[in-house]
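This is the structure I want to talk about, given as structure tokens.
The values are calculated or read from the model by the stated rules, or taken from the named source; none is laboratory data. Treat the numbers as computed from the prediction; the structure is a model and nothing was measured. Note that we place each Cβ from the backbone using ideal geometry, even for glycine, and neighbour counts take in every protein chain shown. Each accessible area value is taken on the protein alone, full model and side chains, heavy atoms only, with ligands, DNA and RNA left out. Shrake-Rupley method; radii C 1.70, N 1.55, O 1.52, S 1.80 Å.
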Amino acid sequence: MIDAVPAKLTRNAVLLVLVASLGYFVDIYDLLIFSIVRKASLIGIGVKTADVLAKGVFIINVQMFGLLLGGILWGVLGDKLGRIKVLFGSILLYSIANFANSYVQDVNTYAIVRFIAGIGLAGELGAGITLVTETLSKEKRGYGTMIVAAVGLLGAAAAVMVAKYGWRPAYRVGAGLGIVLLLLRIGTFESGMFRTMEQSTVSKGNFLMLLNNWERFKKYLYCILIGAPLWYVVGVLITLSPEFGKAMNAKDSLNAGDGILYAYIGIAVGGLIAGLLSQVTKSRKLVMYIFLVTSTVSVIVYLSSTGLTSRHFVWLCFFMGCGVGYWTTFITIAAEQFGTNIRATVTTTVPNFVRGSLIPVNTAFVAFKSHYGMITSGYIMMAILTAVALFSVSQLNETFGKDLNYVEIS
């Protein structure tokens, strides 16, 4: 067994939560900046208006593929080399990529740079959440991840505001924020659980451990599937809101940037509610059930809003954001399901596999769209993803208050 981590919150632990929160702020800014400037940036490099949707889906799929690969890379390194080293490496990589993004002139270069940025972005959140869950006491760690969610998700609001000054400057600001964050990371400390585990001979960061044991693999898969509806709401229903607006005969042209802004404010609010609710009820699973049902209701309202106005749209996005505000709760569940020697691997890969799930989700949505149209396809995808997520939650053990002071045996 690994030596116990003191329950008392120290000044260093509070600093760690703050820096993790700011890290997530920058992560969300950089992750969503393409969705916000998609139309303006593609037209700016010469893409015809009729091709914006297809080229945009191509680039975001490439970015998500980078997140998939980066999730595995940084997760394994996080368990082998330490959580702090991963944070530094990932921040540096996506900062350089975002700076390069401000100079792209064609679609292929744009896609390549977003792929590199995706690899870099994959390491930030998982390593941060792992550090928080391993440092705070088992009774209080839910509050820590709640704060990370509330502060971090406001990065979307910052991205929308900065994007108003142009898409190229928006990428440069993202790079600058990453460098500032890198400097702030200096002085943060490594997880005590990792430092002790580092001296042991147990297998560390072995991704195959998640695949070579059927029970462990099922648990890992369920952790991924419970997050899929969230990214569908953001990555499809809101990112493609201009196209959905036309299908719903919206009275105004819907702006994806505004939708993302209000959705992420909603997600921040929802994250606070989810964190507090899990602490009060002492149940992560109950919170997931509540939020999955609420998000389904919000999507039904959105897709049935024929003739909506821009004002109506942004409030619907806020409502949908609140409904999927379980993001850090679901990542916390993943972190609490596995031992210290593969915890960073799980906590880093799970959210990035969820983000990467946008590739098959986009593919399925486009296939449904060709037969049933935008609106009906929107309903079908949400129904499928929510049903799968609800089943997955039912198969996981409750982890509130679980002692994380253990390792997985291969």
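Please go through the stretch 103-161 and give me each residue that is under 19 Å from the mean Cα position of the chain (by Cα) and among the hydroxyl-bearing types (Ser, Thr, Tyr), ordered by number.
Thr130, Thr133, Tyr143, Thr145
Still on this structure, please answer the following. Limited to the stretch 218-255, what total is found for residues that are open to solvent by less than 20 Å² (accessible area, probe 1.4 Å) and part of a helix (DSSP H, G or I)?
First, the residues of the stretch 218-255 that are open to solvent by less than 20 Å² (accessible area, probe 1.4 Å): 220, 223, 226-241, 244-245, 248, 254.
Adding the requirement that they be part of a helix (DSSP H, G or I) leaves 220, 223, 228-238, 241, 244-245.
Here the count works out to 16.
Would it be correct to say that Thr328 is of a type in the set (Val, Ile, Thr) and over 20 Å from Glu139 (Cβ atoms)? Lay out the reasoning, then the answer.
Details: of a type in the set (Val, Ile, Thr): yes; over 20 Å from Glu139 (Cβ atoms): no.
Spelling it out, it is not the case that Thr328 is of a type in the set (Val, Ile, Thr) and over 20 Å from Glu139 (Cβ atoms).
Just checking, does the stretch 354-370 include any residue being under 29 Å from Phe207 (Cα atoms), open to solvent by 30 Å² or more (accessible area, probe 1.4 Å), in a helix (DSSP H, G or I) and touching a residue at least 60 places away in the same chain (Cβ under 8 Å)?
Within the stretch 354-370, one or more residues are under 29 Å from Phe207 (Cα atoms), open to solvent by 30 Å² or more (accessible area, probe 1.4 Å), in a helix (DSSP H, G or I) and touching a residue at least 60 places away in the same chain (Cβ under 8 Å).
Still on this structure, I have one more. Between a residue in the stretch 276-291 that is on the phi > 0 side of the Ramachandran plot and touching a residue at least 12 places away in the same chain (Cβ under 8 Å) and any residue that is open to solvent by 20 Å² or more (accessible area, probe 1.4 Å) and outside any helix (DSSP H, G or I), which pairs come within a Cβ distance under 8 Å, given they are 6 or more apart or on different chains?
From residues that are on the phi > 0 side of the Ramachandran plot and touching a residue at least 12 places away in the same chain (Cβ under 8 Å), the pairs are Lys282/Phe400; Lys282/Gly401.
Determine whether Thr328 is among the hydroxyl-bearing types (Ser, Thr, Tyr) and at pLDDT 85 or above.
Working: among the hydroxyl-bearing types (Ser, Thr, Tyr): yes; at pLDDT 85 or above: no.
Against the criterion (among the hydroxyl-bearing types (Ser, Thr, Tyr) and at pLDDT 85 or above), Thr328 does not qualify.
Examine the stretch 187-201 for a residue that is at pLDDT 80 or above and open to solvent by 40 Å² or more (accessible area, probe 1.4 Å), and state whether such a residue exists. Break it down stepwise before answering.
Narrowing the stretch 187-201 to residues at pLDDT 80 or above: none.
No, every residue in the stretch 187-201 fails to be at pLDDT 80 or above and open to solvent by 40 Å² or more (accessible area, probe 1.4 Å).
Quick one: is Val76 crowded, with 20+ Cβ neighbours inside 10 Å and touching a residue at least 40 places away in the same chain (Cβ under 8 Å)?
On the way: crowded, with 20+ Cβ neighbours inside 10 Å: yes; touching a residue at least 40 places away in the same chain (Cβ under 8 Å): yes.
Yes; evaluated as a whole, the condition is true for this residue.
Still on this structure, please answer the following. Out of Met209, Met161, which single residue is of a type in the set (A, V, I, L, M, F, W, C), at pLDDT 85 or above and under 18 Å from Thr349 (Cα atoms)? So that I can check it myself, show each step before the final result.
Numbers: Met161 fails: under 18 Å from Thr349 (Cα atoms).
Criteria check complete, one pass: Met209.
Checking the condition of a type in the set (Lys, Arg), open to solvent by less than 60 Å² (accessible area, probe 1.4 Å) and either at pLDDT below 85 or over 20 Å from the mean Cα position of the chain (by Cα) (or both), which residue from Arg11, Arg83, Arg38 passes?
Arg83
Sticking with this structure for a sec: Give Ser394, Ser377 a once-over and let me know the one that is open to solvent by 10 Å² or more (accessible area, probe 1.4 Å), hydroxyl-bearing (Ser, Thr, Tyr) and either touching a residue at least 40 places away in the same chain (Cβ under 8 Å) or farther than 14 Å from Ala228 by Cα (or both). Don't jump to the end; show me each part of the working.
On the way: Ser377 fails: open to solvent by 10 Å² or more (accessible area, probe 1.4 Å).
Only one candidate qualifies: Ser394.
Can you find even one residue in the stretch 56-70 that is more than 18 Å from Asn362 (Cβ to Cβ) and open to solvent by less than 10 Å² (accessible area, probe 1.4 Å)? Talk me through it step by step, then tell me what you get.
Initially, the stretch 56-70 is screened for residues more than 18 Å from Asn362 (Cβ to Cβ), giving 70.
Checking which are open to solvent by less than 10 Å² (accessible area, probe 1.4 Å) leaves us with 70.
Yes, some residue in the stretch 56-70 is more than 18 Å from Asn362 (Cβ to Cβ) and open to solvent by less than 10 Å² (accessible area, probe 1.4 Å).
Considering only residues that are touching a residue at least 40 places away in the same chain (Cβ under 8 Å), open to solvent by 30 Å² or more (accessible area, probe 1.4 Å) and of a type in the set (A, V, I, L, M), which ones fall in the stretch 87-103?
Leu92, Ile96
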